[in-house]
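Have a look at the structure below before the remarks.
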Amino acid sequence: MANESNQKIGTREAIAATVYFLSTKLLISFPQHMAEMGQTAAWVVPIISFITATLGFLIIIALLKCYPGGNLIQASEEAAGPVIGIIASLGYFAFFFATTVILIREFSETVSTALLPRTPLSVIMAVFIIATLVAAYMGLEAITRAALVGMPLIIGTLILLNVLLLPQSDFDTIFPLFGPGLGKLLYNGVIHSGIAGEVLFLSIIVGQLDEEHKVQKMGLASLLVAASFMVVSTLNYSAVFPYPLSLHIAYPGYEASTLIYMGRFLQRIEVAFVFLWVISACIHLALSGYTAARIIQDMLKLPSYKPLLPAFAILGFTFALVPSDVPEATYVDFMIVKTYGGLAIFVIPLILLLTARLKAGSKINRR
Amino acid sequence: MQLIGMFLQKLISLLSFNPPEDETRSDACAGREPNVQEQKMQKPPQDTRSGRRRIRARRKSAVSQNRVLPRRIEGINLGSKQDSSGEISPPDDSPSTGKTDGCEMKPLTKGLDANLNALKKILHHGTNADVVIREFDIPTIPETRASIIFIDSLASRDTIDFAILQPLMLIANLNDGKTDDRLEMVKRRLLPGNQVTEVDNLRAVTEDVLSGATCLLIEESDIALSIETRSWEHRSIDKPSAEMVVRGPQEAFNETLKSNLALIRRRMRTPDLISEMLKVGTLSRVDCAVLYIEGLTNPELVDEVKRRILETKADHIQDTGILEQFIEEKPYVLAPQTISTERPDRMAAFLAEGYVGIMLDGSPFGLVLPATFWSLLQSAEDYFLRWPFGAFLRAIRTLALILAIFLPAIYLALTNFHPEMIPTDLLLAIAASREKVPFPTAVEVLIMEISIELIREAGVRIPGVIGPTLGIVGALILGQAAVAASIVSPILVVIVAITALGAFAVPNFNMAFAIRLYRFVYVLLAAALGFYGVAIGVFIQLTTYVNLKSFGVPYMSPVAPYTRSSGDALFRYPVWKSEIRPSFLKPQQEERQPPISRGWIEDEGSGKSEPGGAKGKNHGKRK
């Protein structure tokens, strides 16, 4: 097996993986939380969040440009010294690890609800973890290529789902257009910029990109594609489950797919959609697990991330069982990880960028 | 923090089972190899490692002693020796030059008797009934003693009688003073055979004799003449049996390497088609031809193929099926990593694209390298038909692949876990048909799948014409009787029959085999976890496939990773749009044909009309 740090990934693979990373949360309780934040304007919240995240991503790119050849972990260390650098890296790690843990729980709960109501949750979680562990062990190349192969499938599924739901949609329900008011909408959108926090992934693997100089374009393209998925799907779900009903639908994507009716012969086809969602979830979990392990590898300058994976798998399994139920898990996800965690991962690079600029300025003055 | 880091590094080194650095370095940097006496005298150190680790260390040590520093090409370690010109030469102990069969690289002497005695010993003359040594005199003045050696069963008697012995024994008094060198005279004036080569050592003489040539030894000459007399009974060129087509050539390879090479050369009349001969098998020493097109095929790919063949240390390789197992990248993955073909036209087409071919004497199947997943779903006929038909066939075959792998698993998942997906009428029909069946659906599916495998295997093993008949009769009677006895439900017979048809529609035999095994895995996953299990299986298979490489080329190319190609993967585009060769092969010439390949169509505006009167359009032009 080739050394994992020698594995290079192409532009298409990087974009496909980032889009998966950003948009798979659409399949769980994301639309419900958007409805909480934006009421009838649930679909506007992701637009604001993604715009904020784009600014955050540009800050990260600016930081990376200060320290060419390194990734975000190395740039953080160089900008603020080893101690603060490691604290910053731990912050990034915490975001990805928490995302992984919560997604394991949420996806497993979705599978339990939709497919296997009588199978113990721990079995479903264990199978998920084993599958993603295998993929993460194979390395970034394998996961991103799997994402590239799966991308047409997921795009096709989303288009099909949205088109087939049109007969059930009532777009009058999206009014008033700004829901709780523009100010509140903007506030909610900005503080939930963490919903696009996974774009940080590109800055962690920047050294393994075939066309490293195109990282900014890759990030922006991924954010644009993922934002389109999020906005269109949230809009459609809002039209199918109008506010305030949408507050009580735990898995709008799944629930919406159960409504698809194409005559007496083709009905209840949600299982076919869940089939593809499981594959998407596996790709997402493999990516987040891999990224978390890579952050620790780079932070501690370890020769390989692979020995960390079994430990992370056991920790992930344990922590995923901590929330008592799904609402608690989603609360932790959206109210803590995606809010404070999300803000932190964009604010930390901003502070580091300012530090780097100050350092550079003082050097020039000294000369 | 540094302490934590050090602790974690130590922990990782313990977990990753890497041998200590000193251990590997002592093998790799030994400087010189100890001679045999030293080896005998040195007592082997007590090895306390476990069996697998010991074997691994021994392999590593063997590799480090035999190879020069590896050269990296696209993630491949090239370990064979290279001379100053960059040519790969076989390692010292490789089958083609080594001392592995007791036949050393000793030079011939000037004494005929000494040479004959040595050869008699090597060839076990006297015990070996078909080794013939014929001594005679060439009527020169003075007479010259000579001898020919050949294998009776491999050489042509007529050629030996009339093209070697007759001129040598009957044409006398040739000492006309033109040359004093008897060997030169014999070679230039007395041997009418079309291929005569000089050999100067016992090993070469032995190898030539064993491959059907006749060697002529002359008194006072330390060079022997190897005369082409190969002739043995062989099967004639027949129709393909595993890769049949309706439209297209109806010729298949047979067991004779020369005929096979001729079949390829007939289709590829370029001097750049190279067939390099190597020997495989330390005992059998079979001829193996590596085929490629000079100036087109990626030389690194050719080097890698040759390196793997040369470094294969097996005693007896009698078929490409065995060779394939020695040179493939990941033997534990079910997916075939080489393309085997019995069609010379297909081999020629692959060579024209930049692939490398391997033909082995005695094997009616050639190997094409590297393999990609998509190429295993393609058939020669796809290209012989017009593109819409070819594309349709590809779509049908893709459907067949999906059905062959997933249909029983989907049936199992639907009936056991998600019956709500089945339309009510169909669900009632299934329930009614299963009413009297005592087994759970999973057992029912396994019974039927195993029965189908039994029928298939029995059909192949039963001799003569009974085989196919038994297959049909067995399947019909068994299916009917199993349904009548309420062992299986009728709908399952339909499911299993469609699955079997799907597997037969897959054009590559190895791929079809892999599919049969994958099917069982998916049946078990579906029985345990329904669609969730199947989805997890698909994910793991997908990541395994995208991670797989065949001779350094990603298995899912050109889709993942995306590389430039003519789009000839799952779809089949018009031949005039296939302008480039697959770039994942890194061919030296990427352009296959110009953007306007249909040159007879003029550009718009040239004003020249076609014979039919219609104005030329811009078909075939790539915008």
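The values are calculated or read from the model by the stated rules, or taken from the named source; none is laboratory data. Being a predicted model, the structure only gives us computed values, none of them experimental. Cβ coordinates were reconstructed from backbone atoms using ideal geometry, including for glycine residues, and neighbour counts include every protein chain displayed. When the accessible area is computed, the model is the full protein with side chains, heavy atoms only, and any ligands, DNA or RNA have been set aside. Shrake-Rupley method; radii C 1.70, N 1.55, O 1.52, S 1.80 Å.
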### Message
Suppose we keep only residues that are of a type outside the set (K, R) and free of Cβ contacts under 8 Å to residues at least 12 places away in the same chain within the stretch A:107-129. Which one would you say is most open to solvent (accessible area, probe 1.4 Å)?
### Response
A:P117
### Query
In the stretch A:174-230, how many are touching a strand residue (DSSP E or B) at 6+ places or on another chain (Cβ under 7 Å) and buried (at least 18 other Cβ atoms within 10 Å of the Cβ)?
3
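Take A:I143 and decide whether it is in contact with a Ser or Thr (Cβ under 6 Å, 6 or more places away or on another chain), open to solvent by less than 50 Å² (accessible area, probe 1.4 Å), aliphatic (A, V, I, L, M) and touching a residue at least 40 places away in the same chain (Cβ under 8 Å).
no
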### Message
I need the full set of residues from the stretch B:514-550 which are closer than 15 Å to B:L401 by Cα and at the interface with chain A (Cβ under 8 Å from one of its Cβ atoms), in order please.
### Response
B:V538, B:L542
### Task
Can you tell me which residue within the stretch A:8-36, out of those that are under 19 Å from A:V332 (Cβ atoms) and not hydrophobic (A, V, I, L, M, F, W, C), is most open to solvent (accessible area, probe 1.4 Å)?
A:E36
### Residue among B:G366, B:G464, B:G362, B:G390 that is at positive phi and at pLDDT 90 or above
B:G362
### Task
Go through the stretch B:214-233 and give me each residue that's open to solvent by 40 Å² or more (accessible area, probe 1.4 Å) and more than 30 Å from the chain's Cα centre (by Cα).
B:E219, B:E220, B:D222, B:I223
### Task
Inspect the stretch A:265-272 for any residue being within 14 Å of chain B (Cβ to nearest Cβ), of a type outside the set (A, V, I, L, M) and under 18 Å from the mean Cα position of the chain (by Cα) and give the result as yes or no.
no
#### Entry: Out of A:T157, A:T119, A:T110, A:T99, sole residue that is in contact with a Ser or Thr (Cβ under 8 Å, 6 or more places away or on another chain) and more than 22 Å from A:V45 (Cα to Cα)
A:T119
### Task
Could you tell me whether the stretch B:415-427 includes any residue that is closer than 25 Å to B:A485 by Cα and open to solvent by less than 20 Å² (accessible area, probe 1.4 Å)?
no
### Query
What number goes with the only condition from (1) outside any helix (DSSP H, G or I); (2) within 10 Å of chain B (Cβ to nearest Cβ); (3) not β-branched (V, I, T) that A:Y243 does not pass?
(2)
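Here is a yes/no grid of residues against (1) within 22 Å of the chain's Cα centre (by Cα); (2) in contact (Cβ under 8 Å) with a residue 40 or more places away in the chain:
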residue	(1), (2)
B:Y522	no, yes
B:L525	no, yes
B:G533	no, yes
B:L548	yes, yes
B:R564	no, no
B:A569	yes, yes
B:Y573	no, yes
B:W576	no, yes
B:L585	yes, yes
### Options B:R519, B:R434: the member that is out of contact with any Pro (no Cβ under 9 Å at 6 or more places or on another chain) and outside the structural domain of B:P336 (by TED's automatic domain parsing)
B:R434
### Query
Of the residues in the stretch B:269-290, how many are surrounded by fewer than 19 Cβ atoms within 10 Å (Cβ to Cβ) and at pLDDT below 90?
5
### Message
Name the residue that is nearest to A:L235 (Cα to Cα), counting only residues in the stretch A:56-76 that are touching a residue at least 24 places away in the same chain (Cβ under 8 Å), open to solvent by 20 Å² or more (accessible area, probe 1.4 Å) and assigned to a helix (DSSP H, G or I).
### Response
A:L58
### Task
For residues that are touching a residue at least 40 places away in the same chain (Cβ under 8 Å) and aromatic (F, W, Y), scanning just the stretch B:347-402, find the one that is surrounded by the fewest Cβ atoms within 10 Å (Cβ to Cβ).
B:F384
### Message
Taking the criterion of being under 13 Å from the mean Cα position of the chain (by Cα), closer than 25 Å to B:A505 by Cβ, not in a loop (DSSP other than H, G, I, E, B) and not aliphatic (A, V, I, L, M), would at least one residue in the stretch B:366-376 satisfy it?
### Response
yes
